[in-house]
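Shown next, in structure tokens, is the structure this report addresses.
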Amino acid sequence: MFGVKSNPMKTVLVVDDEPLLTELLEFRLAARDYNPIVARDGREALARLEDSAPDAVVLDAMMPVHDGFEVLRRMRASEAHALTPVIMLTARRGEQDIVGALELGANDYLLKPFMPEELLARLERLLKDAP
């Protein structure tokens with residue numbers, strides 16, 4: 001049927017220590033029929049990965065406990081999450097940070113401040129292309 005999504009609801013893990021940002025992303029993702037779950041630091045992100053098996057992750061680089069680079073490193077070393085699409089969403093705009101994240105296995109890198117519609121478009125593309 002035209003306009004009806006045939007895919008089941010996808011779960012997206014949003015990892016960021018900024019409450020206003022996570023609330024915004026939760027709202028925007030839910031409005032697009034995603035199931036958003038939130039982690040506020042790297043340790044919580046690793047726990048949510050295990051108990052929710054998200055279809056994709058939106059990951060900040062600068063967080064308490066474990067930074068986003070460490071979370072990404074652990075994901076890519078894990079058989080269960082090695083292929084989970086990851087978008088780094090961060091204010092770290094240095095070339096070394098961007099290249100480092102991509103070399104660690106990030107699928108995309110988006111700088112803050114960002115446009116929510118752009119993030120959603122990138123996320124949709126990654127989920128469409130995911131195995």
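Here are a few things to note about the model shown:
- None of MET115, MET63 is of a type outside the set (Val, Ile, Thr) and touching a Gly at 6+ places or on another chain (Cβ under 7 Å) except MET63.
- Of all the criteria given as (1) at pLDDT below 95; (2) surrounded by fewer than 18 Cβ atoms within 10 Å (Cβ to Cβ), the one not satisfied by ARG73 is (1).
Residues are listed down the side, and each one gets a yes or a no for (1) out of contact with any helix residue (DSSP H, G or I) (no Cβ under 9 Å at 6 or more places or on another chain); (2) surrounded by 14 or more Cβ atoms within 10 Å (Cβ to Cβ); (3) free of Cβ contacts under 8 Å to residues at least 40 places away in the same chain:
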{"residue": "MET9", "(1), (2), (3)": "yes, no, yes"}
{"residue": "VAL15", "(1), (2), (3)": "no, yes, no"}
{"residue": "THR22", "(1), (2), (3)": "yes, yes, yes"}
{"residue": "GLU26", "(1), (2), (3)": "yes, yes, yes"}
{"residue": "GLU44", "(1), (2), (3)": "yes, yes, yes"}
{"residue": "VAL65", "(1), (2), (3)": "no, yes, yes"}
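- Members of the range 114-130 that are in a loop (DSSP other than H, G, I, E, B), farther than 14 Å from ALA61 by Cβ and at pLDDT 95 or above: MET115
- Meets criteria (free of Cβ contacts under 8 Å to residues at least 12 places away in the same chain, surrounded by 12 or more Cβ atoms within 10 Å (Cβ to Cβ), hydrophobic (A, V, I, L, M, F, W, C) and under 21 Å from LEU120 (Cβ atoms)) for ALA30: yes
- Within the range 90-108, being farther than 21 Å from ARG48 by Cβ and either in a helix (DSSP H, G or I) or among the aromatic types (Phe, Trp, Tyr) (or both) holds for GLU95, GLN96, ASP97, ILE98, VAL99, GLY100, LEU102, GLU103.
The values are calculated or read from the model by the stated rules, or taken from the named source; none is laboratory data. Computed from a predicted model, the values in this text were never measured in an experiment. Cβ sites come from the backbone with ideal geometry, for glycine too, and all protein chains shown count toward neighbours.
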